[in-house]
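The values are calculated or read from the model by the stated rules, or taken from the named source; none is laboratory data. Please read all numbers here as calculations on a predicted model, not as lab measurements. Cβ sites come from the backbone with ideal geometry, for glycine too, and all protein chains shown count toward neighbours. SASA here: full protein model, heavy atoms, side chains in, ligands and nucleic acids out. Shrake-Rupley method; radii C 1.70, N 1.55, O 1.52, S 1.80 Å.
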Amino acid sequence: MPAPQPQGLWVIALSFLLALMLSAVPLPDWLQWGWPEWVALCLIYWAIALPHRVGVGVGFLLGLLLDVIEGTLLGQNALALSLLAYLSLNLYQRMRMYPAWQQSLLVFLLVGLHQMVFQWVQSAVGVPASGAWFLLPPLVSAILWPWLFVVLRAVRRRFRVT
Amino acid sequence: MLVCGVLALLLMFADHRYRQMDQVRSGLTLLITPIQWLVDVPTRVWSWADATLSHRDTLLQENKELRAQALILSRRVQKIAALTVENVRLRELLNASEKVDERVLLAELIGVDPDPFTYHVIINRGRQHGVFVGQPVLDATGLMGQVIAVSAYTSRVLLVADASHAIPVEVSRNGVRAVALGTGSVQELRLAHVSDTTDIRVDDLLVTSGLGGRFPPGYPVAVVTEVRHDPGRPFAIVKARPTAQLDRSRNVLLVFYGESARQEAQD
């Protein structure tokens, strides 16, 4: 079956832009570890929904932009997010079939892996490790996933993004 | 995936080791500058609304208080002007080199790094305004940090509280020199390698010593909060609280000082 005509790609770009903005928002101290990984979540959704449009390259570019926003080493987030995109592309057929809670679990694992790669590079560069705290963002992201999935799916259908 | 992975690793290695990557980072920062501005918009709208919808009485009262404060400060400035002239004359008598007052640039905070382990802030002045890497940044009450990355319209500032920052200071009371390290907490700096017999007490004011050529001498950095002599350790444990409002200031000053500033002035 030939790939459908690209349509509504601006919706994908806009959702990534919003995710980048949300990751740049200054947070109060008590929220810093509890903020979901917006960019990772959006990337997972679009990779699952439109695997022929959003791929590892998109993950790499997003990661590069996120590196510049966060001020981390160039390529740190790029590596983590391209890995995330790659895994999502491998799992998308299964993920689409799963019920919401199982998808959340998989999201927890994926974002957890993303965070782990990020922390590895951080400690290789010399930033002190954060211990088990790095598991909190994946947890919060996994809890948020069902809601985000529904919202982005509604947006995708409404604007007929392919 | 392999291509992207290898590319990412190469980028990380290059960014970690080579200075040239700063150009690339600066170019990319130009791309995301609109995002930084957009994120700052709600705060600006709030401040604008707060100011515009303020009660007239509140504004008049604030105006009066600010005028009184300005008057007190201008008296101090007059005194300082006289002291500066006397200082220049005395230095001439001693054949010491002349001290030049530094040029400053006003800037505003437009973003804060969300990473809980690093203390970076983004300000709205960039290369177009003459900002350079290593430039000292102050706020109204003390030294805040230094610029670590510059793009066309914005720059990134590393605060003194960040764990990777160190600044040469001296005790204003007796001139004892030390290095103040950031600890990752906004309330605490730590002095490195202070021996047990050094004359340093609680409530001493630590000012920049100017050694290292990066920060101009004489600006307040921190106030000593604890001096602990532990007999089991080779050095005393000295903690200090930064005088600058690191987590609160919105308006900052960039000082043109240092080797880069002199080079820029010559160009």
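Applying the criterion of being of a type in the set (Ser, Thr, Tyr) and assigned to a helix (DSSP H, G or I) to the residues of region B:16-49, the residue that is nearest to A:Pro28 (Cα to Cα) is B:Thr43.
Among the numbered conditions (1) among the charged types (D, E, K, R); (2) at pLDDT below 90; (3) under 16 Å from the mean Cα position of the chain (by Cα), the only one that B:Asp162 does not meet is (2).
With the condition kept exactly as written, say whether any residue in region A:128-142 is of a type in the set (S, T, N, Q) and more than 28 Å from B:Leu30 (Cα to Cα). Working first, answer last.
The first filter runs over region A:128-142 and keeps only residues of a type in the set (S, T, N, Q), leaving A:130, A:141.
Subset that is more than 28 Å from B:Leu30 (Cα to Cα): A:130, A:141.
Yes; the residues of region A:128-142 include at least one that is of a type in the set (S, T, N, Q) and more than 28 Å from B:Leu30 (Cα to Cα).
Among the criteria (1) within 27 Å of B:Pro42 (Cα to Cα); (2) open to solvent by less than 10 Å² (accessible area, probe 1.4 Å), the one A:Ile48 does not fulfil is (1). Considering region B:50-156, the qualifying strands (runs of 3 or more DSSP E), each wholly inside and each with 1 or more residues that are open to solvent by 50 Å² or more (accessible area, probe 1.4 Å), run over B:103-112, B:143-150.
Would you call A:Leu148 at the interface with chain B (Cβ under 9 Å from one of its Cβ atoms), assigned to a helix (DSSP H, G or I), crowded, with 17+ Cβ neighbours inside 10 Å and modelled with pLDDT of 90 or more? Criteria not met by A:Leu148. Report yes if A:Gly75 is facing chain B (nearest Cβ under 8 Å) and on the phi > 0 side of the Ramachandran plot, otherwise no. For A:Gly75, the condition - facing chain B (nearest Cβ under 8 Å) and on the phi > 0 side of the Ramachandran plot - is met. Go through (1) surrounded by fewer than 22 Cβ atoms within 10 Å (Cβ to Cβ); (2) under 14 Å from the mean Cα position of the chain (by Cα) one by one and return the number of the condition B:Thr198 breaks. Tallying (1) surrounded by fewer than 22 Cβ atoms within 10 Å (Cβ to Cβ); (2) under 14 Å from the mean Cα position of the chain (by Cα), B:Thr198 fails exactly one: (2). Do we find a residue being at the interface with another protein chain (Cβ under 7 Å from one of its Cβ atoms), closer than 22 Å to B:Phe13 by Cα and in a helix (DSSP H, G or I) anywhere in region A:19-33? Within region A:19-33, none of the residues are at the interface with another protein chain (Cβ under 7 Å from one of its Cβ atoms), closer than 22 Å to B:Phe13 by Cα and in a helix (DSSP H, G or I). Selection of strands (runs of 3 or more DSSP E) fully inside region B:183-229 by the criterion of at least 3 residues being in contact with a helix residue (DSSP H, G or I) (Cβ under 9 Å, 6 or more places away or on another chain) and free of Cβ contacts under 8 Å to residues at least 60 places away in the same chain returns nothing. The residues on offer are A:Ala124, A:Ala85, A:Ala80, and the sole one that is within 14 Å of chain B (Cβ to nearest Cβ) and open to solvent by 60 Å² or more (accessible area, probe 1.4 Å) is A:Ala124.
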